[in-house]
Amino acid sequence: MKLKVFKCLFTLIIFYLIASPISSNNSIKIVTDRDYPPFTYIDEKGKLVGISVEFWNMWSEKTGIKVELIPEEWIKAQNMLFEGKVSAIDEIFKTPEREKYLVFSKPVFKVTSSIYYHKSISKINSPKDITPFIVGVKRGDALIDFLLLQNPYVNFRFYRNYSDIILSAKNGEIKVFIMDDPPASYYLTKHDMIYDFFKGPIIYTNYLHVASLKNKANIISVINDGLSKIPQEDIEKLLEKYSFGKEVPPYFPKVILYIVIVGFFILLLALSYNRILSLKVREATKELKIAHDNLKEQIDKFEFFIRNISDISDVNLKDYDFAKRVLRISILLLDKDTYGIFFDRNMDSLRILAIDRYDKNLEGLLISKEDGDNILNIQNITLIKEPSFLKDINMKEMLLYPIKWQERIYGYLACVIPKESTYSFEEREAEILERFGNIISAFYGIRVHIREREVYLSKMVTLLVKTLEYYDKYTQGHSERVAKYAVKVAEKLDLPPEKIKKIYWASLLHDIGKIYVPQSILNKNGRLTQEEFEIIKIHPIKSEEILKQVDEFKDLAEIVRHHHERWDGLGYPDGLSAYEIPLESRIIAMSDAFDAMTSERPYKRAMTLEEAILEIEKNKGKQFDPQIAEIMIKIIKEEIIEKNY
Ligand SMILES: [Fe+2]
Ligand SMILES: [Fe+2]
């Protein structure tokens, strides 16, 4: 009985030892390829490392069962399994052949396998293309069967492990090999051969499994249990951690590669050049803009200068406006923080005619004799630092230019820097002001000359008019009165100063031709006969003839010829009507008739202003230009109001 019980126990223990996948110390032995990077491989310190090593650690943690991972050459690893030295083998592909005697776990890692070929041979598109070559392969690799299915004529050379295949390829002994892609990438990168070999067609896509002999099938279910406890994302992370190196590139003809590389460098060069160029262009644009702005400023100044210069060349410009413009240009030309003073000299007295850009209006101020003497001594452009005169005016420095014409000084142009300014005048500014001053002096000379000429003409005209008045007693004061009213009308019509001047002179001289009319007719007491009147009627023609003789009066000739024309065409000497009659003549005709109305004659009394208005009203549009008649009436009415006050 005791023996029976012992036999039973012994059988049970034996059965347990055979049937149980796990050893008594709660661990399992699994053999693995020692040369299957990045899943399992021996590092420089001789330690087994890789994805599978970490994977089995995770598995152990989940199951509480230790895994003894034994690295071995692939052929030897398979032998160890068959000899029962280990419970399972890792990293093994499932093939129909192997399924005959092995049980496989669930798939663990997906792996593809490809043909690799040297860049010196032509492109390999399919497994059929490798027939002429010796193909390196690891002994016992499942890939052999798969490749033979696709090309039965492959000429293999067998190696103990992947490292040997790679070294053989490196030494040029083989041009083609087949390998799982992860170790291929690992080794080609490690040996710096990534650009020497291309990755050809994929032979096979499979999963790494764990497998055991059929009689140890239960260990697979233990492994599967553990596997199902490891989350997929942990496996992903693990794969990511070991993702390394570069993918072996697919076939890429060398020449194209060179073209791409050269192209890339050309592009890089072009981009850099473009960048440099655009920087330069940007810089140049900036400089150009500054230059443009400067130029624009200069052009604006120049325009201002030209406009003002042409303004000051107008001899009709009043002295004050002339001075003001001169100051403005001077300030602009000196381009400093200055203000300007224009001193007007009359004999030995000085006065401020105009001041510009100064905060007080000192225009019209008479300069004291003491201060004036300082200025009057100056004959040429002079820079006066901290002037001791004109103490009431804020001055740090003064550039003073005497405006001179034919040795006579007419005034002084001064540009002044105020006390608070940090600027100072330099040689250059003195030169500029002197040159500009010379131009101004010339303009001033012209103004003086014209003024003197006008005085001379005026004297001559007065002489002529006085002669006429001596000759014709009724015309006494007539010409001046006609001139006075004609100018008033012209001003009301807003005529330009030049035209008003012409009307003035023409009015004074309009009857000068009467000098040709016998005195007996001119001074006759009583009404003129028709004959006498015909003689009188020649006087406008005679006036014209006289004025034509003198250059200065030539342009007045036509005006005086028509001063007896009527708006309705019934006048003399040419019977012109309406706008055929020069405007100046129509104005003088109106003014002349008004003076005749309001003057006493031996045969008639003088009309009152009111009567004259009625008379003009009556003849508006007949004798007189209606518009001018209206203006004349307005002027007379203003005179009536003036008289009454
Ligand atoms: Fe007349
Ligand atoms: Fe007259």
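Say whether the condition of being within 59 Å of the chain's Cα centre (by Cα) and either open to solvent by 40 Å² or more (accessible area, probe 1.4 Å) or at pLDDT 90 or above (or both) is met by at least one residue in the stretch 125-135.
If we filter the stretch 125-135 for residues that are within 59 Å of the chain's Cα centre (by Cα), which is where we start, we get 125.
Filter again for either open to solvent by 40 Å² or more (accessible area, probe 1.4 Å) or at pLDDT 90 or above (or both), leaving 125.
Checked the stretch 125-135: at least one residue is within 59 Å of the chain's Cα centre (by Cα) and either open to solvent by 40 Å² or more (accessible area, probe 1.4 Å) or at pLDDT 90 or above (or both).
Rundown of residues vs (1) modelled with pLDDT under 95; (2) of a type outside the set (D, E, K, R), yes/no style:
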| position | (1), (2) |
| --- | --- |
| 482 | no, yes |
| 487 | no, yes |
| 491 | no, no |
| 495 | no, yes |
| 503 | no, yes |
| 512 | yes, yes |
| 516 | yes, yes |
| 519 | yes, yes |
| 523 | yes, yes |
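Considering every residue within the stretch 431-440, establish whether at least one is open to solvent by 80 Å² or more (accessible area, probe 1.4 Å), farther than 30 Å from residue 507 by Cβ and more than 48 Å from the chain's Cα centre (by Cα).
no
Just the residues that are among the small types (Gly, Ala, Ser) and within 60 Å of the chain's Cα centre (by Cα), please, taken from the stretch 474-531.
Of everything in the stretch 474-531, those that are among the small types (Gly, Ala, Ser) and within 60 Å of the chain's Cα centre (by Cα) turn out to be 486, 490.
For the stretch 64-84, name all the residues that are surrounded by fewer than 18 Cβ atoms within 10 Å (Cβ to Cβ), outside any loop (DSSP other than H, G, I, E, B) and in contact with a Leu (Cβ under 8 Å, 6 or more places away or on another chain).
82
Could you list, in sequence order, the residues of the stretch 550-561 that are more than 16 Å from ligand 1 (Cβ to nearest atom) and out of contact with any Phe, Trp or Tyr (no Cβ under 8 Å at 6 or more places or on another chain)? Explain how you work it out, then say what you get.
So the first thing to find is which residues in the stretch 550-561 are more than 16 Å from ligand 1 (Cβ to nearest atom), and the list is 550-555.
Once the filter is applied, which keeps residues that are more than 16 Å from ligand 1 (Cβ to nearest atom) and out of contact with any Phe, Trp or Tyr (no Cβ under 8 Å at 6 or more places or on another chain), the stretch 550-561 yields 550, 551, 552, 554, 555.
Scan the stretch 586-613 for residues that are within 16 Å of ligand 1 (Cβ to nearest atom) and of a type in the set (Val, Ile, Thr) and jot them down.
Initial filter on the stretch 586-613 (within 16 Å of ligand 1 (Cβ to nearest atom)): 586-599, 601.
Residues satisfying the conditions are 587, 588, 598.
The conditions are (1) within 16 Å of ligand 2 (Cβ to nearest atom); (2) in contact (Cβ under 8 Å) with a residue 60 or more places away in the chain, and residue 475 fails exactly one of them. Which is it?
Residue 475 satisfies every listed condition except (2).
Going by what's in this entry, would residue 65 be described as β-branched (Val, Ile, Thr), modelled with pLDDT of 90 or more, touching a helix residue (DSSP H, G or I) at 6+ places or on another chain (Cβ under 8 Å) and closer than 19 Å to residue 224 by Cβ?
Yes, satisfied.
So residue 423 ticks every box in (1) open to solvent by less than 40 Å² (accessible area, probe 1.4 Å); (2) closer than 26 Å to residue 371 by Cβ but one. Which box is left unticked?
Going through the list (1) open to solvent by less than 40 Å² (accessible area, probe 1.4 Å); (2) closer than 26 Å to residue 371 by Cβ, residue 423 breaks only (1).
Which of the residues spanning the stretch 614-630 are of a type in the set (A, V, I, L, M, F, W, C) and open to solvent by less than 20 Å² (accessible area, probe 1.4 Å)?
Our first condition is that a residue be of a type in the set (A, V, I, L, M, F, W, C); within the stretch 614-630, this holds for 614, 616, 624, 628-629.
Across the stretch 614-630, the qualifying residues are 616, 624, 628, 629.
Please verify whether residue 582 is closer than 28 Å to residue 636 by Cα and within 13 Å of ligand 2 (Cβ to nearest atom), treating the condition exactly as stated.
Values: closer than 28 Å to residue 636 by Cα: yes; within 13 Å of ligand 2 (Cβ to nearest atom): no.
No.
Tell me, yes or no, whether the stretch 562-585 has at least one residue that is basic (Lys, Arg) and within 12 Å of ligand 1 (Cβ to nearest atom). It would help to see each step written out before you state the result.
Here is the first cut: in the stretch 562-585, the ones basic (Lys, Arg) are 566.
Okay, now just the ones that are also within 12 Å of ligand 1 (Cβ to nearest atom), so none.
No.
The values are calculated or read from the model by the stated rules, or taken from the named source; none is laboratory data. Predicted model, so just to flag it, every value in this text is computed and none were measured. Glycine also receives a Cβ, built like all others from the backbone with ideal geometry; neighbour counts cover every protein chain displayed. Remember, those area values only see protein heavy atoms, side chains included, never the ligands or the DNA or RNA. Shrake-Rupley method; radii C 1.70, N 1.55, O 1.52, S 1.80 Å.
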